Amino acid sequence: MNLFKRLTSRLIILFVIVFVTIAMTFLWFMGNSSRSFEQQATQALHEELAAHMLLETQILRFGEIDPAALEHTFHNMMLLGPAFEIYVTDKQGKLLAYSAEESKIKRKQVSLTPIKEFLGEGTQFPLVGDDPRHPTRQKIFSAAPILHDNTLQGYLYVIIGSELEDKIIANLTNNKLLSETLILVISALMFALLVGVILIWLITRPLTNLTASVLEYEQQQLWQKGKKISLIQNNTSWLSSVEEVQLAGVIENMSLNIANQFEQLKIKDIQRKELLSYISHDLRTPLSSLTGYIETWQSRFSKTSDKDSVHYIEVAHRNAMVLSGLVEQVFELAHLETGSVEVHREPIAVAELAQDIMDSFALRAQDAGVTLDVSPKDTSLQVDADIAKLERVFGNLVANAIRHTPPGGNIVIRFSSVTFDNQEKVHITVQDSGIGIAKDQLPRVFEAHFRASNKVDSESGNAGLGLAIVKALLALHHSDIEVASKEKEGTSFSFYLPRYQIA
C-alpha cells in the first residue's frame, strides 16, 4: 500500500488510466469515423444503382408488379455480385419480392421514410434504411421508384453490402486485420506507457531526491550545525528544475532561521537563568539588611535611645526603598518583554523634558559632585514619542551616568537635527565625563544581568537592569541605542527619534 502513496506511483497510475481512456476513445472515434466515411463513399458511388437496374429489368407486367415474374429478373441481377441484396416493395413498403431465401427474411416491411429521403433533393450520405434480414439492423442502400404511366407502383430497394459480404469482412477482420490492429495498438500503448513512465520518473526524481535530502537534513539535525542541504551543494544535474532549487533554498533558509532562533532561545534561557540568579542575590542583600535592622530595633526597642531607634528605622527604610526599586525594575523589564506594551505617541518638547529630568536629579548630582546640563535649550525642538517612556529613558541614562562619573565630572544631554532615509530626525546623546567602560565589556552593557566593573558609588540598588529597560523602551519606538566609550574619558549613549512636523 505504501507504493500507492508515493507521488511517482500515483502519477504513473493516473497517466496509464488517462492514456488508456484517451486511446480507447480515439480508436472508437476513428473506427466509427472510418466506417461512416466508407459508407458515405460507397453509398454515393452506388446512388444510381437501383435506377440503372430498373432500366435493365422487367419489373412490371400489364402495368403492375408481378412477383412471379421477378424470380428470373433477380437471378440475372445477382450476376452483379453478392455485394447487393435486392427487394421490391409496394407503395406502403411491404416486401413483394426479394433475392434472398425465404428463411432469411426477418421482416416483411421496411420503413419508407429513409427511402423517400433518399429520393429527395440534397440527401446527405450516409443514409441507412431497414435491413429485411435482421429485425433491427439498418444498412446503406440505393432505391428507385417503380412507375407505370407516371403512377407509383412501388420501389426497388437495394441493400448495399450483403450479409455474405459482412461475414467475409468480419472473418477477414477477425483473422488478420483485428490481430494486426491489436498488435499495433498494444505496441503503441506499451511504447507510450514506457515513455510516460520514464518521463514521470525523470520529472519526479528531483523531488524524490529533495525529499530524501530534507529528511536526512532533519534526521541528522544538520540545520542546528548551520550546514546546507546537500542537494543545493551538489545540484549539477540537468534534471533539477529551477523550482526544485528554489524550494530547497527556501527550506534551507527556513531551517537556518529556525536554528538561529533556537540558538537565540537557548541564549535567552541562559540569560534568564543568570538574571534570576543575579536578581536573587541583589534582592537578598537589601532584604537581609532590612530584616536585620528591624529585628535589632525590635530586640532593643526598650533599651535603645530614641536617636538609635531613628537610625535603625532610617536604614531599614532606605533598604526597603532599594528593594522596592529592584522589584519595580524586574517587573518593568518583564512587562516590556511580553510585547504587549502600547506606545502613545504625541509631540514632545524634548529639550524641555530633558531639563525637567536634570532638575529632578539635581540633588543627587550635587551629592555626587557632578554638574548637569542640556544643550541646546531649544523649546521648539519636538519629537514624536511616548512621553512617559521617553522620560523613563532619560531618567535611567542620567542615573547610570551619575553612578559612573566621579566628583568634578559633568553630564550633558545634547540634541541635533539630522535627515536620513528621507525623514527628519533628532539625534539625542547622553554624554558623561566618567571613568568609561572597558572595551571588552561594551557589547554586553545592554544585557539585563550585566553590570560593568566601573561603578563609582557603592549603591546597592543597581541590578544592571536600567540599560536593558532603556533598550526595550526605545525598541518600542523602532529606535536602537548605541554606546561609545573610552576608559577614563567618558561614555555616551545616543539614539534617534522622529522629529515632529506640524502639518
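So if R0 is 56 Å, what FRET efficiency would LYS268 and ALA23 give, r being the distance between their Cβ atoms, rounded to the nearest 0.05?
Values: r = 63 Å, r/R0 = 1.13.
That gives a FRET efficiency of 0.30.
Which distance in nm do the two modelled labels at SER340 and ILE186 give, with both placed 7 Å along the Cα-to-Cβ direction?
It is 7.5 nm.
Please list 470-483, 251-264 highest first by mean number of surrounding beta-carbon atoms within 10 Å per residue.
Details: 470-483: 17.1, 251-264: 13.8.
With the highest mean Cβ count within 10 Å placed first, the list reads 470-483, 251-264.
In sequence order, what are the phi-derived ³J(HN,Hα) couplings for the stretch 342-354 according to the Karplus relation 6.51 cos²θ - 1.76 cosθ + 1.60 with θ = phi - 60°, rounded to whole Hz, with x for glycine and proline?
9, 10, 10, 7, 6, x, 10, 6, 5, 5, 5, 4, 4
Note the full-extension length gain between VAL310 and GLN261 as 0.36 nm times their separation in residues minus their Cα-Cα distance, in nm to one decimal. Kindly include the intermediate steps, with their values, before the conclusion.
Working: separation 49, 0.36 × 49 = 17.64 nm, distance 5.41 nm.
Taking 0.36 nm per residue and subtracting the Cα distance, the gain is 12.2 nm.
Amide H of ALA385: which non-local residues (sequence gap of 5 or more, or other chain) have their own amide H closer than 5 Å, using H built in the peptide plane?
Those qualifying (amide H under 5 Å, at least 5 residues apart or on another chain) are GLU346, ILE348.
May I ask which of LYS268/LYS389; LYS425/LYS486; LYS268/LYS439; LYS266/LYS471; LYS439/LYS471; LYS425/LYS488 have a Cα-Cα span longer than 29 Å here?
On the way: LYS268/LYS389 24 Å; LYS425/LYS486 27 Å; LYS268/LYS439 23 Å; LYS266/LYS471 21 Å; LYS439/LYS471 19 Å; LYS425/LYS488 31 Å.
Among LYS268/LYS389; LYS425/LYS486; LYS268/LYS439; LYS266/LYS471; LYS439/LYS471; LYS425/LYS488, the Cα-Cα distance tops 29 Å for LYS425/LYS488.
Taking amide H atoms as placed 1.01 Å from N in the peptide plane, list the residues 5 or more away in sequence, or in a different chain, whose amide H sits under 5 Å from that of SER416.
HIS427
Could I have the simple spin-label model distance between GLN138 and ASP384, label points 7 Å from Cα toward Cβ, reported in nm to one decimal?
The answer from the label model is 8.3 nm.
What is the calculated FRET efficiency for LEU207 to MET254, with r their C-beta to C-beta distance and R₀ = 22 Å, to the nearest 0.05?
Numbers: r = 18 Å, r/R0 = 0.80.
For R0 = 22 Å, the calculated efficiency reads 0.80.
Modelled label-to-label distance, LEU287 and LYS108, 7 Å Cα→beta-carbon offset: nm?
Roughly 12.2 nm, to one decimal.
Which order do VAL16, VAL418, VAL374 fall in if you start with the one that has the fewest other Cβ atoms within 10 Å? Before the final figure, lay out each step's value.
Working: VAL16 15, VAL418 11, VAL374 21.
Listed from fewest to most nearby Cβ atoms, that is VAL418, VAL16, VAL374.
Readers should treat all values here as calculations from the given coordinates under stated rules, not as data from a laboratory. Everything numeric here is computed off the predicted structure, so don't read it as measured data. Here the Cβ is made from the backbone with ideal geometry for all residues, glycine too, and neighbour counts use every protein chain on show.
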